[in-house]
1. Given the criteria part of a helix (DSSP H, G or I), free of Cβ contacts under 8 Å to residues at least 40 places away in the same chain and among the β-branched types (Val, Ile, Thr), does residue 39 qualify?
2. Hey, could you check the stretch 152-165 for residues that are in contact (Cβ under 8 Å) with a residue 24 or more places away in the chain and in contact with a strand residue (DSSP E or B) (Cβ under 7 Å, 6 or more places away or on another chain) and say which is farthest from residue 98 (Cα to Cα)?
3. Looking at the stretch 127-179, what strands (runs of 3 or more DSSP E) fall wholly within it and have at least 1 residues that are more than 25 Å from residue 250 (Cα to Cα) and touching a Ser or Thr at 6+ places or on another chain (Cβ under 6 Å)?
4. Having 1 or more residues that are under 20 Å from the mean Cα position of the chain (by Cα) is the bar; report the helices (runs of 4 or more DSSP H) wholly within the stretch 253-358 that clear it.
5. Tell me which residues, restricted to the stretch 295-318, are of a type in the set (Val, Ile, Thr), surrounded by 15 or more Cβ atoms within 10 Å (Cβ to Cβ) and either free of Cβ contacts under 8 Å to residues at least 12 places away in the same chain or in contact with a His (Cβ under 9 Å, 6 or more places away or on another chain) (or both).
6. Do you know which of the residues in the stretch 319-334 that are surrounded by 15 or more Cβ atoms within 10 Å (Cβ to Cβ) and in contact (Cβ under 8 Å) with a residue 60 or more places away in the chain is farthest from residue 8 (Cα to Cα)?
7. Do we have residue 69 as more than 22 Å from residue 289 (Cβ to Cβ), among the charged types (D, E, K, R), part of a loop (DSSP other than H, G, I, E, B) and in contact with a strand residue (DSSP E or B) (Cβ under 8 Å, 6 or more places away or on another chain) here?
Amino acid sequence: MKIGVIGGGQLGRMLALAGIPLGMDFIFLDPAPDACSATLGGHIQAGYSDQTALRQLADGVDLLTFEFESVPAETVAFLEQFVPVYPSAAALRIARDRWFEKSLFRELDIPTPSFANVLSQHELEQAVDSIGLPAVLKTRTLGYDGKGQKVLRSPADLEGAFAELGSVPCLLEGFVPFSGEVSLVAVRARSGETRFYPLVHNTHVDGILHLSIASQAHPLQAQAEDYVSRVLKHLDYVGVLAFEFFEVAGGLKANEIAPRVHNSGHWTIEGALCSQFENHLRAIAGLPLGSTARRCESAMLNFIGSVPPVEQVAAIEDCHLHHYGKAFKAGRKVGHATLCSPDRATLEQRIAEVRALINYL
């Protein structure tokens with residue numbers, strides 16, 4: 001089976017690494033000449049709105065997926081005329097736009113922070129009058145890893161804030177006093193069968209995910225699965241979806257969804273019986289889903305800007321390096337390590353050993 005992937009970054013790379021053992025071949029469409037997935041399949045170097053290149057991609061594959069939600073929904077809708085695409089353009093349209101996303105949560109009775117659509121500086125000031133401060137102003141699309149957002153703590157922070165984010169459609173969200181950040185990675189097959197990985201505790205540094213630790217029997221697992229199930233069913237979703245939550249008194253509040261394999265699910269490569277990457281491919285290809293159970297205590301640490309020397313990472317027991325083959329650059333995810341352990345105390349010790357190698361903390 002030949003799979004087309006829109007986007008050629010590290011998520012596409014890890015999809016290919018999971019799919020090649022299943023007998024799958026890959027073609028990536030990405031405008032970058034040095035797309036890090038290109039060594040694992042064909043590479044069509046073109047923009048995401050280049051219809052000639054999109055037709056070339058569609059004509060060469062059995063089905064298509066995408067590795068990040070910055071792909072225009074119109075691109076996916078165009079491709080759906082010629083070849084099956086999972087997830088669908090309809091799902092992407094909602095997941096990539098924070099206003100549509102939060103409105104869906106409200107429609108499905110999933111708790112979420114107060115929010116308002118902001119299309120001008122005047123509307124921002126009106127929204128703050130309603131929601132209050134502190135609050136977070138976010139671009140409706142294309143924001144990730146802390147980009148495209150501004151925390152508003154005092155009235156003085158409002159001045160020029162809309163222009164600072166590019167004078168593009170934004171969303172104002174009320175600030176959530178949370179005790180923790182967790183995410184649930186789920187996979188839904190074409191048949192509607194759904195499986196869930198354990199809730200993951202996430203730690204961010206400067207808006208970028210730093211550490212994810214898979215939980216065991218988290219008390220909010222069932223609540224998270226209920227909320228994610230509502231979204232998956234409503235969207236008739238196929239593939240992996242990640243849902244990020246705030247832990248608050250009494251339960252969970254929705255933060256955002258990602259219609260793809262997700263950074264907080266990287267631990268599943270070595271830590272689960274079937275990784276998120278393999279399960280995404282199984283789902284979109286119509287294969288039986290794999291088990292989402294943990295193999296062991298497991299965690300993932302991102303390498304931001306640079307990767308420590310391989311020999312130093314390899315010296316840590318049951319530590320698995322994933323180097324993305326990307327040029328080192330400040331603020332850029334260039335690799336990660338997954339760690340496994342028979343018990344939590346040993347896992348924490350190994351996390352500390354990897355952290356000692358990281359220079360961005």
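Each reported figure results from applying straightforward, stated rules to the coordinates on display, with no laboratory input. All of these numbers come straight from a predicted model, not from anything done at the bench. Methodologically, a virtual Cβ is constructed for each residue, glycine included, from the backbone with ideal geometry; neighbour enumeration extends over all protein chains shown.
1. Details: part of a helix (DSSP H, G or I): yes; free of Cβ contacts under 8 Å to residues at least 40 places away in the same chain: no; among the β-branched types (Val, Ile, Thr): yes.
The answer is no for residue 39.
2. 158
3. Numbers: elements: 135-139, 149-152, 170-174.
Answer list for the stretch 127-179: 170-174.
4. 268-271, 276-285
5. Going through the stretch 295-318, the residues of a type in the set (Val, Ile, Thr) turn out to be 304, 307, 310, 313, 316.
Filter again for surrounded by 15 or more Cβ atoms within 10 Å (Cβ to Cβ), leaving 304, 307, 313, 316.
Correct list: 304, 307, 313.
6. As a first pass, look at the stretch 319-334 and keep what is surrounded by 15 or more Cβ atoms within 10 Å (Cβ to Cβ): 319-326, 332-334.
Retained after the next criterion (residues that are in contact (Cβ under 8 Å) with a residue 60 or more places away in the chain): 322, 324-326, 333.
Working: 322: 16, 324: 11, 325: 12, 326: 11, 333: 14 Å.
Out of the qualifying residues, it is 322.
7. Numbers: more than 22 Å from residue 289 (Cβ to Cβ): yes; among the charged types (D, E, K, R): yes; part of a loop (DSSP other than H, G, I, E, B): yes; in contact with a strand residue (DSSP E or B) (Cβ under 8 Å, 6 or more places away or on another chain): yes.
Against the criterion (more than 22 Å from residue 289 (Cβ to Cβ), among the charged types (D, E, K, R), part of a loop (DSSP other than H, G, I, E, B) and in contact with a strand residue (DSSP E or B) (Cβ under 8 Å, 6 or more places away or on another chain)), residue 69 qualifies.
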